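Enquirer: First the structure, then my questions, so here it is.
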Amino acid sequence: MNKNVDKVSVWCIVSMASIPLVMTLGNSMLIPVLPILESKVGISSFQSSMIITSYSIAAIFLMPVVGYLSDRLGRKKVILPSLVLALIGGLIAGFASWKMEDPFTWIIIGRVLQGIGASGAMPIVLPLVGDLYKDDDEKTSSCLGIIETSNTFGKVLSPILGSVFAAFLWFLPFFAISVFSLISIVLIFFFIKAPKEKDEPKKFKEFLQNTKKTFKKEGKWLLSVFLLGFFAMLVLFAVLFFLSENLESVHDIKGITKGFVIAIPLFLLCIVSFITGRKIKGNLPTMRKVIIVCLIALSASIIFVGFTSKKLTLLLIVTSIAGMAIGALMPILDAIITQNIKKEERGTITSFYSSSRFAGVAAGPPIMSLMMKDFLNIGYISAGVLGVVLLFIVMKCIKVDEIEN
């Protein structure tokens, strides 16, 4: 096992970490630009939210299929073509914004292509880490912490980079996504050496039966993890969308300054994610306790976002607490899924988990666009109540002895 671990080079880890970084930039980088898009393209707040949602919806339904293909064909053979699609999607959206008078439809087409690319890249990283580190839970947890930190670091960079690029040309972020995808393609092609399979991949019928058995046996805690991933991303992207609109309309903070302000809670999210990934070391009882604490902190803080919306300092404190709770939660969910599912079904199961996360990403902005005008406080209070419901589900369904057996 040590021999296998030694083969996982620093550049291999950097290459894997580039995937969630690029996919996160591909979505989150556009959030601070949405008010500009609304003005330049002549669209409503709800339509601008569709630019985020179309990316995520395309990924949601394809991820389980791509997970199966990665189990059968190999992780790298699925990731590379997917990143190429993400690159092409960015070019389509960018050129449409640049050259067309009414580019909205083509922007959505480009975003859908990027979402398809994300479906074949983002969820495959988790099982790839498990493949490379075999049964070393501590090193797997540490690497997954780096991967999740890369994801969250992308969220920190996104509002800043998006604002900077848009300051030069409002549609430049679309082209930037393609450039970042190209960098990731090069890194993965040269530096990721996935272990060769000694056994023949299972036939689809046998694979389907095994997957059904996995859900039947592990269904309670798997569903709980899926719900937690959905809830965390729903809250995060609803808050980010709200901040982008609120900072301009209420606090008159725009452009690059707005990008840095949005990055404050995301920066704290990133730091906590990194620390959590380094500390949990595959310890399931500790992970369960941290999940409970995170849900309590997230549910308590999110209730006050609407009430503090006109007081910038309090708003940033509340959203930062929520961000830190999400930052601690995500690497734990990654580790639980990766370490407790057999390799043969790992790609598919993690893809269902990634689909649940992307469903939250897809739902957050449009729900917030509909609620923030007249039902802001009701929306955030409802989110807090939902968090409490999930807390009881976790306490009932995520049990250490059942998962480890």
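Table: residues versus (1) of a type in the set (A, V, I, L, M); (2) under 19 Å from Ser18 (Cα atoms); (3) assigned to a loop (DSSP other than H, G, I, E, B); (4) touching a helix residue (DSSP H, G or I) at 6+ places or on another chain (Cβ under 7 Å).
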site: Ala59; (1), (2), (3), (4): yes, yes, no, yes
site: Pro64; (1), (2), (3), (4): no, no, no, yes
site: Pro81; (1), (2), (3), (4): no, yes, no, no
site: Gly89; (1), (2), (3), (4): no, yes, no, yes
site: Phe95; (1), (2), (3), (4): no, no, no, no
site: Ile108; (1), (2), (3), (4): yes, no, no, yes
site: Ile116; (1), (2), (3), (4): yes, yes, no, yes
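Enquirer: Under 6 Å by Cβ, and 6 or more places apart or on different chains, what pairs join a residue from segment 286-308 that is in contact (Cβ under 8 Å) with a residue 12 or more places away in the chain and basic (Lys, Arg) with one that is in a loop (DSSP other than H, G, I, E, B) and crowded, with 18+ Cβ neighbours inside 10 Å?
Expert: If the second residue must be in a loop (DSSP other than H, G, I, E, B) and crowded, with 18+ Cβ neighbours inside 10 Å, the pairs left are Arg288/Ile398.
Enquirer: Mind listing just one residue for me: the one in segment 267-282 that is at pLDDT below 80 and in contact with an Asp or Glu (Cβ under 8 Å, 6 or more places away or on another chain) and, of those, surrounded by the most Cβ atoms within 10 Å (Cβ to Cβ)?
Expert: Gly277
Enquirer: Also, quick follow-up: I'm trying to understand the selection: among the residues of segment 130-189, which are part of a helix (DSSP H, G or I), of a type in the set (D, E, K, R) and more than 19 Å from the chain's Cα centre (by Cα)?
Expert: Asp131, Asp137, Glu138, Lys139
Enquirer: For segment 308-318, indicate whether the set of residues that are of a type in the set (Ser, Thr, Tyr) and not in a helix (DSSP H, G or I) is non-empty.
Expert: Yes, there is a match, as at least one residue in segment 308-318 is of a type in the set (Ser, Thr, Tyr) and not in a helix (DSSP H, G or I).
Enquirer: Of these, Ile79, Ile92, which one is within 13 Å of Tyr55 (Cβ to Cβ), touching a Leu at 6+ places or on another chain (Cβ under 9 Å) and among the β-branched types (Val, Ile, Thr)?
Expert: Ile92
Enquirer: Sticking with this one: Could you tell me which of the residues Leu316, Leu312, Leu298, Leu240 is buried (at least 22 other Cβ atoms within 10 Å of the Cβ) and within 26 Å of Ile36 (Cα to Cα)?
Expert: Only one candidate passes the filter, namely Leu240.
Enquirer: Could I ask something else about it? Within the set of pairs 6 or more residues apart or between chains, which connect a residue that is closer than 14 Å to Phe358 by Cβ inside segment 221-241 to a residue that is surrounded by 22 or more Cβ atoms within 10 Å (Cβ to Cβ) and of a type in the set (D, E, K, R) with Cβ atoms less than 7 Å apart?
Expert: So the pair list comes out as Gly229/Arg357; Phe230/Arg357; Met233/Arg357.
Enquirer: Just checking, which of Leu73, Leu113, Leu83 is farther than 13 Å from Asn27 by Cα, of a type outside the set (Ser, Thr, Tyr) and at pLDDT 85 or above?
Expert: Testing whether each residue is farther than 13 Å from Asn27 by Cα, of a type outside the set (Ser, Thr, Tyr) and at pLDDT 85 or above leaves just Leu83.
Enquirer: Is it the case that Ser48 is in contact with an Asp or Glu (Cβ under 8 Å, 6 or more places away or on another chain), farther than 18 Å from Ser354 by Cα, modelled with pLDDT of 85 or more and among the hydroxyl-bearing types (Ser, Thr, Tyr)?
Expert: So Ser48 passes the test.
Enquirer: Out of the residues in segment 120-141 that are of a type in the set (Gly, Ala, Ser) and modelled with pLDDT of 80 or more, which is surrounded by the fewest Cβ atoms within 10 Å (Cβ to Cβ)?
Expert: Result: Gly120.
Enquirer: Take Ser48 and decide whether it is without any contact (Cβ under 8 Å) to a residue 12 or more places away in the chain, assigned to a helix (DSSP H, G or I) and closer than 20 Å to Ala93 by Cβ.
Expert: Criteria not met by Ser48.
Enquirer: Can I ask one more? Name the single residue, out of those in segment 332-347 being assigned to a helix (DSSP H, G or I) and of a type in the set (Val, Ile, Thr), that is modelled with the highest pLDDT.
Expert: It comes out as Ile332.
Enquirer: Do we have Lys254 as touching a Ser or Thr at 6+ places or on another chain (Cβ under 9 Å) and of a type in the set (Lys, Arg) here?
Expert: yes
The values are calculated or read from the model by the stated rules, or taken from the named source; none is laboratory data. Model, not experiment: these values are computed from the prediction. Heads up, the Cβs are rebuilt from the backbone with ideal geometry, glycines too, and the neighbour counts pull from every protein chain shown.
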